[in-house]
Amino acid sequence: MPKLKPATQALRRDHILDSAERLFAVSGFHRTTMHDICREASISPGALYAHFDSKEALIEGLCGRDRAQLTERLHALSAAPDFLTALRTLGTHYFVEEPAHKRLFVAEMAVESTRNPRIATIYRSVDAFCLASFERLFTDLAAVGRIKPGLDPASVAKVFHLVGEGLFWRRAVHPDFDFEAIREALLTMIERFLNPQPSRAEPHRTTAIPQNPDEVAS
């Protein structure tokens, strides 16, 4: 059998991850089997195991992909000339446009982390990565005068992270949750909290956001 090209391999890997994410969200980690994932993805067991040798490996793959996507979005947020407008777009993506099952997956992973040591390690590394990413974002913005919060960037990041986590859970467990109904009120609160300043003419520097949890201090 001819070897698949790297681009084709990457597409297949993403397809497997998408299938696993849907099943973990709907059926739960324990009830989902590797056979279920093969059926959902319409692939053979050999094709699945060539990429992922366990359900935990699939969780690691999903979290790694989410980290990379968050990194790109936070870089875009940092570079945006209008921080609040860019933040509104980011919130709309996560809490309106993105499929709700992605939030269910996060909730499922959090619950599973309370009983599965390997999932607990993955979940905590993701949590640390997100917190560190927000702290670096706010440190960078404060350093160039784009925000002037009354708290230090580490405290700002913790509050922001908790608010985001609450919104993720709300969308995961409440099917009638309407983010758009509270979006402007939430942005007003964030604006008062961060005290954003007019954008300067010169480009601001950006602080690198860690690419993997190994770069996050334990």
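Brief remarks on what is shown
- A single entry from V156, V144 fulfils the requirement of being in the same structural domain as T92 (by TED's automatic domain parsing), in contact with a Pro (Cβ under 8 Å, 6 or more places away or on another chain) and either within 26 Å of V106 (Cα to Cα) or of a type outside the set (D, E, K, R) (or both): V156.
- Hits in the range 138-176 - residues which are touching a residue at least 60 places away in the same chain (Cβ under 8 Å) and assigned to a loop (DSSP other than H, G, I, E, B): V144, R146, P175
- As a summary of the residue check, D82 satisfies the conditions (1) within 22 Å of R146 (Cβ to Cβ); (2) free of Cβ contacts under 8 Å to residues at least 24 places away in the same chain except for the one numbered (2).
- Residue under evaluation D82, criteria (1) acidic (D, E); (2) at pLDDT 95 or above; (3) surrounded by fewer than 18 Cβ atoms within 10 Å (Cβ to Cβ), criterion not met: (2)
- Lone unmet requirement of (1) assigned by TED's automatic domain parsing to the domain that holds P117; (2) of a type in the set (D, E); (3) crowded, with 17+ Cβ neighbours inside 10 Å for E21: (1)
Per-residue answers, yes or no, for (1) surrounded by fewer than 15 Cβ atoms within 10 Å (Cβ to Cβ); (2) at pLDDT 95 or above:
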site	(1), (2)
L131	no, yes
L137	no, yes
G145	yes, no
L151	yes, no
A157	no, yes
F168	no, no
F177	no, no
T206	no, no
D214	yes, no
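The values are calculated or read from the model by the stated rules, or taken from the named source; none is laboratory data. All figures in this text were calculated on a predicted structure; none of them were measured in a lab. Every residue, glycine as well, gets a Cβ built from its backbone with ideal geometry; the counts of neighbours run over all protein chains shown.
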